[in-house]
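Beneath this line is the structure, given in structure tokens, with notes to follow.
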Amino acid sequence: MIAAIKPSGSRTRGLLAYLYGPGRHDEHLDPHIVAAFATLGLPDPGRDENATLTELARHLDAPVALRNSEFGKPVADHVWHCPVRAAPEDRHLSDTEWADIAHRIVTAAGIAPEGDDLACRWIAVRHADDHIHILATTVREDGRRPKLHGSGRRIGDACRQIEHDYGLRRLNKGDRTATRGPSQAEMHKAERLGWEQTSRAWLQDRIRAAIPHAASIEELLAYLEADDVMVTPRRGPSGDLIGYSAGRPGDLDKNGQQIYHPGGKIAPDLTLPKLRARLESSTPEEHPTARRNQPGTPWEQAIDALDTLRPAATSSDEHNPQVQAQISALGELIEATAQMAPADLSSDLRAASRTFARAQRSQVRAEQAAAHTLRTAARDIVHTATGPNSSALAALTATLVWAVILAARWHDANCHAQQAAAARQTVQHLQAAADTALNPTLTHLTTRQPAPHHQRTLATDVRVSLPDHADRILADPAWPALATVLTDAEAKGHQPGRLLAEAAAQRELTTARQPARVLITRIQHTARNPAPNRRSEAARLRSQGLTTRPQPAAETPPPAPATEANRARPRR
């Protein structure tokens, strides 16, 4: 159940005309009062043919008129309007049930506290099966104004209790970090102009898409202007940037003037201070060109960066500001991947980025410097000139799935219901993208699967290294492709059993739908380079005249214990 307080000005008669009228978009059927501040002597134009809207408006505005006559200055914005709507799948509630709900809402809001005979006047009008409209005039019978501060939060709490009591769809409790929903006027305007999104939703997508491209707030605003976003920076007397507003081209008011929205009205985490903290948490010299000599492509470096999220997200310190910062940067990495991915993946990845925006912000204050590695990876991806190969893209999307699962678990541990739900929905979009990305690689690997006798040897490695998951791995249709990956890694000097154990340690397999597919992408990433050789490394150091000797424990782990599979492994 959703109750939304709407700004309604000072025209009680005008709002009544809408509530009792035919409706502008949805047809109004049988409008009538189901509850009110008084049960006797109240005119109801929906049920009494002699009652008029003007008479009802005067009845509701009586305390307002009395106050105006005493003080001489008219009360402004005294109309309080709160539609209350049930979910589409909820049962139809009776007038009696809606009346009880209306009483509970006005009590929670402070419009009519329980037992207060001098409270505000109000009515609840029903003109559809699934919702009511509560209208109140915010001047009490004693001439004072009601205390409505925090009424939205209190009404939300009342709605959660109403859902429980009436067996309705249960919504997650809000935490004041959500974006403001679009108004009916915004939705109707978008429909009239043929836009798929309202202006604020459109601006939010553009700003989030620009964040990975910028290293400072000035760069961000310049990028937005280049992307056809109308930007008006606000500067102080010293010339320093102190705020900004953004507008969508063609979004004009009734006077033909461009409409601008402050960053904080677009989304709570897109204010100037929060954007500056995110963008300027990295040092300026860390531009992609300064890291050209690092091993691996930006896509492979992003996978390594995502591995930094696991230890922090699974730590016992639940309200961890470093994890919150990394989750925020994870959204930027998803957005960067969506921008640079092939067309067949971009739809699912963009849906994931848009959904994960809700999971990026919570009441935990982010320590933005902790997300430096992830933000660097996102920036590298959008600045790279070449796209990823199929195996790197499959590995990255699979790793993103696991990272978002960890984010959902962290939000659950901190009782962030809205964020956890958004993260779980994001996993569905990412999983679809990961499946699409891996399919070509699976087809290619399966055509190269090793001989049956060698697959049996590798199956023994699986049973020895991962005994708890071996049956599921070997029953996975992707097992022949995994066998090919292990064979390729073995040819580079890696030990299959050790690779399997390392992959399972980085991504637990209990929750994996298809564990063999998970292991394929992880092992391909880990074993993409030949295994280090201690003798060749020592020879290289001697040839360079270096005296430092490689440390055996750090360079090469101790050999795995010999098994029947190791002894019987055929030579190729």
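Table for the structure above
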read-out	value
Boolean, SER347 is modelled with pLDDT of 90 or more, open to solvent by 10 Å² or more (accessible area, probe 1.4 Å), farther than 25 Å from LEU220 by Cβ and assigned to a helix (DSSP H, G or I)	yes
Output for segment 162-174, where each listed residue is assigned to a helix (DSSP H, G or I) and either hydroxyl-bearing (Ser, Thr, Tyr) or surrounded by fewer than 13 Cβ atoms within 10 Å (Cβ to Cβ) (or both)	HIS164, ASP165, TYR166
Output for segment 95-114, where each listed residue is hydroxyl-bearing (Ser, Thr, Tyr) and surrounded by fewer than 18 Cβ atoms within 10 Å (Cβ to Cβ)	THR96
Test: GLU219 is assigned to a helix (DSSP H, G or I) and either surrounded by fewer than 19 Cβ atoms within 10 Å (Cβ to Cβ) or on the phi > 0 side of the Ramachandran plot (or both)	yes
The one condition in (1) part of a helix (DSSP H, G or I); (2) touching a residue at least 12 places away in the same chain (Cβ under 8 Å); (3) out of contact with any Asp or Glu (no Cβ under 9 Å at 6 or more places or on another chain) that GLU490 fails to fulfil	(2)
Residues within segment 192-201 that are within 22 Å of PRO268 (Cβ to Cβ), open to solvent by 30 Å² or more (accessible area, probe 1.4 Å) and part of a helix (DSSP H, G or I), tallied	1
Test result for ALA481, over 30 Å from THR177 (Cα atoms), open to solvent by less than 10 Å² (accessible area, probe 1.4 Å) and touching a Ser or Thr at 6+ places or on another chain (Cβ under 6 Å)	yes
Any hit, segment 537-548, residues being at pLDDT 75 or above and surrounded by 11 or more Cβ atoms within 10 Å (Cβ to Cβ)	no
Those helices (runs of 4 or more DSSP H) lying entirely in segment 247-342 with at least 1 residues open to solvent by 20 Å² or more (accessible area, probe 1.4 Å) and at pLDDT 90 or above	263-266, 272-279, 298-306, 321-340
Test: ARG153 is at pLDDT below 95, basic (Lys, Arg) and not in a loop (DSSP other than H, G, I, E, B)	yes
Among (1) among the aliphatic types (A, V, I, L, M); (2) open to solvent by less than 70 Å² (accessible area, probe 1.4 Å); (3) at pLDDT below 90; (4) under 23 Å from PRO311 (Cβ atoms) - the single one ALA565 does not satisfy	(4)
Some residue of segment 115-124 being buried (at least 18 other Cβ atoms within 10 Å of the Cβ) and part of a loop (DSSP other than H, G, I, E, B)	yes
Some residue of segment 243-250 being under 14 Å from LYS189 (Cβ atoms) and basic (Lys, Arg)	yes
Cross-chain or 6+ apart pairs with Cβ under 7 Å, segment 1-18 first and open to solvent by 30 Å² or more (accessible area, probe 1.4 Å), then hydroxyl-bearing (Ser, Thr, Tyr) and not in a loop (DSSP other than H, G, I, E, B)	ILE5/SER151; ARG13/THR54
Residues within segment 76-94 that are open to solvent by less than 60 Å² (accessible area, probe 1.4 Å) and either in contact with a Lys or Arg (Cβ under 6 Å, 6 or more places away or on another chain) or under 11 Å from ILE132 (Cβ atoms) (or both), tallied	8
Among (1) modelled with pLDDT under 95; (2) outside any helix (DSSP H, G or I); (3) open to solvent by less than 60 Å² (accessible area, probe 1.4 Å) - the single one VAL231 does not satisfy	(1)
Total residues in segment 60-75, condition under 46 Å from the mean Cα position of the chain (by Cα) and either open to solvent by 60 Å² or more (accessible area, probe 1.4 Å) or on the phi > 0 side of the Ramachandran plot (or both)	1
Restricting segment 175-191 to residues that are in a helix (DSSP H, G or I) and among the charged types (D, E, K, R), the residue that is nearest to ASP100 (Cα to Cα)	GLU186
Members of segment 379-422 found to be open to solvent by 40 Å² or more (accessible area, probe 1.4 Å), part of a helix (DSSP H, G or I) and of a type outside the set (S, T, N, Q), listed by number	HIS383, ARG409, ASP412, ALA413
Members of segment 202-216 found to be under 24 Å from LEU349 (Cβ atoms) and assigned to a loop (DSSP other than H, G, I, E, B), listed by number	ALA214, ALA215
Of all residues making up segment 444-467, the number that are open to solvent by 50 Å² or more (accessible area, probe 1.4 Å), charged (D, E, K, R) and more than 39 Å from the chain's Cα centre (by Cα)	2
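The values are calculated or read from the model by the stated rules, or taken from the named source; none is laboratory data. Nothing here was measured: the structure is a model prediction, and the numbers come from that model. Heads up, the Cβs are rebuilt from the backbone with ideal geometry, glycines too, and the neighbour counts pull from every protein chain shown. SASA here: full protein model, heavy atoms, side chains in, ligands and nucleic acids out. Shrake-Rupley method; radii C 1.70, N 1.55, O 1.52, S 1.80 Å.
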